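Trainee: To start, I am sharing the structure in question, which I have written as structure tokens.
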Amino acid sequence: MARLLVAALERAGHEVMIASRFRSREAEGDRARQERIRDLGMRLAERFLQRCGNARPEAWLTYHLYDRAPDWLGPRIATALGIPYLVGEASVAPRRAKGAWALGHEGVLAALARADAVIGFNSNDRECVEPLLRGAARYHALKPFVDAAAFDAARPMEPPLLIAVGMMRQRDKLSSYRVLGAALARLKSMNWRLRVVGDGPARASVEAALAPISDRIEWTGAVPSDDVPSLLRTGDIFVWPAINEAYGMALLEAHAAGLPVIAGRTGGVADIVRDGETGRLVPVGDPDAFAQAVADLLADAPTRRRMGQAARERVLAEHDIGAAAARLDAILQLTLDARRAKSRPISAGACR
């Protein structure tokens, strides 16, 4: 999504500079490490301010702000330069106010209090984020998007090819693979194959989770993002249980390629997959319900094709990069205008 944001802004005529490759994510709940990351972020912010000189940006945009990855650079830099601070996708979990990620939670709250605008891709986040914005800050909803031109319509295979795309990490990703393995193990009497796209530190655990169906699997490993459209194009159904998924870019890419999606109903997944129209949504974490949804589409090729066509048409109409570029440009211009108006001196005539 971050790469697409850059591409959309450039398409709208803006010059985008990657200001830092600093990673603030701390996933283990180690308070001491979080403090070291925060302190490093603060030092990097000061270094940026010292070096930017005449190359001062007109606005700062940070993508994906949440308690495990707070922004220790943007608020400090934007305030020092007097420029708008924008956030693309922010999540707030009130339960994190205490506990292992309390420091990151505090950082997120401080960043949102400073934000001039928040661009939200997941409707599920809005309820907790919007009340934290202050002054003239605004919440701008923007549907997740892809460059639909990179995806051609899928060509059906025989036997039907199921596709799953996901990083192989512990916790939620591994949980999704475990539900997928348990669901598809119930369908061994049906004719299908599974392509698994992805890799990561939990690869051995993922292989164990899918061991009961190992004879049906093609493992591609990690692939360049430019190769994903061609891999999706040869599929029939995209399958991903989506445990605690925010909205799922892989689901959107599958729809762009004309694939129906079967996923768990969680987070903002319903913003992308329309149950019964572009795919099926089932209770999250339920392998029986997931298996039944897969079985239904495996047995009904006309419905698969109808859903896949509806999915691609919806991406072209609502989730394409062209419309997103125009929307991002409008949000940026509105935020810049608001910041300029706020900093403009009041004339004597206006005070009468």
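The values are calculated or read from the model by the stated rules, or taken from the named source; none is laboratory data. Everything numeric here is computed off the predicted structure, so don't read it as measured data. Cβ placement follows ideal geometry from the backbone for every residue including glycine, while neighbour counts extend to all protein chains displayed.
Trainee: Which residue, of Ala100, Ala117, is more than 25 Å from Arg3 (Cα to Cα), touching a residue at least 40 places away in the same chain (Cβ under 8 Å) and not assigned by TED's automatic domain parsing to the domain that holds Pro229?
Mentor: Matching residue, one of Ala100, Ala117: Ala100.
Trainee: Where residues in the range 265-279 are crowded, with 24+ Cβ neighbours inside 10 Å and of a type outside the set (A, V, I, L, M), which of them is nearest to Asp320 (Cα to Cα)? Give the derivation first.
Mentor: Here is the first cut: in the range 265-279, the residues crowded, with 24+ Cβ neighbours inside 10 Å are 269, 272-273, 278-279.
Subsequent filtering for residues that are of a type outside the set (A, V, I, L, M) retains 278-279.
Working: Thr278: 16, Gly279: 19 Å.
The extreme case among them is Thr278.
Trainee: Looking at the range 1-29 only, could you name the residues that are surrounded by 11 or more Cβ atoms within 10 Å (Cβ to Cβ) and free of Cβ contacts under 8 Å to residues at least 24 places away in the same chain?
Mentor: Matches in the range 1-29: Val6, Glu10, Val16.
Trainee: Something else: Kindly provide the set of residues from the range 83-117 that are among the acidic types (Asp, Glu), buried (at least 23 other Cβ atoms within 10 Å of the Cβ) and part of a helix (DSSP H, G or I), ordered by number.
Mentor: Within the range 83-117, none qualify.
Trainee: Determine whether the range 234-243 contains at least one residue that is assigned to a helix (DSSP H, G or I) and touching a Lys or Arg at 6+ places or on another chain (Cβ under 8 Å).
Mentor: No - not one qualifying residue is present in the range 234-243.
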